[in-house]
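The values are calculated or read from the model by the stated rules, or taken from the named source; none is laboratory data. In this text, all values refer to a predicted model and were calculated from it rather than measured experimentally. Positions of Cβ are generated from backbone atoms using ideal geometry, with glycine treated the same way; all protein chains shown enter the neighbour counts. The area values use the complete protein model at the heavy-atom level, side chains included, leaving out ligands, DNA and RNA. Shrake-Rupley method; radii C 1.70, N 1.55, O 1.52, S 1.80 Å.
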Amino acid sequence: MAYKYFFFDFDGMLCDSYSHIATAFCKVLSESRNTKISFTEAYDCLKINFNEAYTHFKITDEEKKKFKILHENFDFKPSPTLYLPIKKILQTIIDCGGKNFIYTNRGESLFEYLKRLGIDSYFTDYIISANKPDPEVLNNMINKYNYNYYNI
């Protein structure tokens, strides 16, 4: 195996969660503002990052709180789903002597999602950072495990 250590983002890479996130966003704003919010517009902004959506839609702190609660609720429909081959990919990496890591800005809800999706045991460690991407965070993980850059 040419590469040994794999860093995955959660939303949009391991898990198809943006429909779940955008639906929660639209629900909160539609109820808060008593008007319909464009799913496509919300989806497109959220895929860039949450701050982009917050700015674009001029989200209040109260709306942010409600959105966070709703989008971190795994049972809110549509539920996030794994991309079909991801379990096989993660297992193959492990079988070949590699290690899987997650680098996400999802927050603590990540752990419940991983457990509910049945992939929590495939990962060596996690980076949860609101400032993603941040090379220093990746360097800290590499140093934590004493990985040699040239053997990655």
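Data table
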| read-out | value |
| --- | --- |
| Test result for K77, at pLDDT 95 or above and part of a loop (DSSP other than H, G, I, E, B) | yes |
| In the range 49-90, the residues that are more than 23 Å from F111 (Cα to Cα) and β-branched (V, I, T) | T55, I59, T60 |
| Lone qualifier among D95, D120 - being at pLDDT 95 or above, open to solvent by 60 Å² or more (accessible area, probe 1.4 Å) and in contact with a Leu (Cβ under 8 Å, 6 or more places away or on another chain) | D120 |
| Residues (under 21 Å from D120 (Cβ atoms) and more than 13 Å from the chain's Cα centre (by Cα)) located in the range 5-28 | Y5, F6 |
| Close pairs (7 angstrom Cβ cut-off, 6 or more residues apart or separate chains): at negative phi in the range 104-121, open to solvent by 80 Å² or more (accessible area, probe 1.4 Å) and not in a loop (DSSP other than H, G, I, E, B) anywhere | I119/K87 |
| Single residue of the range 99-146 satisfying the filter (in a strand (DSSP E or B) and among the polar types (S, T, N, Q)) that is nearest to the chain's Cα centre (by Cα) | T104 |
| Residue that is under 27 Å from F76 (Cβ atoms), modelled with pLDDT under 85 and open to solvent by less than 20 Å² (accessible area, probe 1.4 Å), where the choices are S109, S129 | S129 |
| Condition met for I102 (farther than 21 Å from A22 by Cβ and not basic (K, R)) | yes |
| Tally of residues being farther than 21 Å from Y5 by Cα and over 18 Å from the mean Cα position of the chain (by Cα) across the range 66-96 | 1 |
| Count - residues of the range 62-78 that are out of contact with any His (no Cβ under 6 Å at 6 or more places or on another chain) and surrounded by fewer than 15 Cβ atoms within 10 Å (Cβ to Cβ) | 7 |
| Yes/no for D134 being acidic (D, E) and modelled with pLDDT of 95 or more | no |
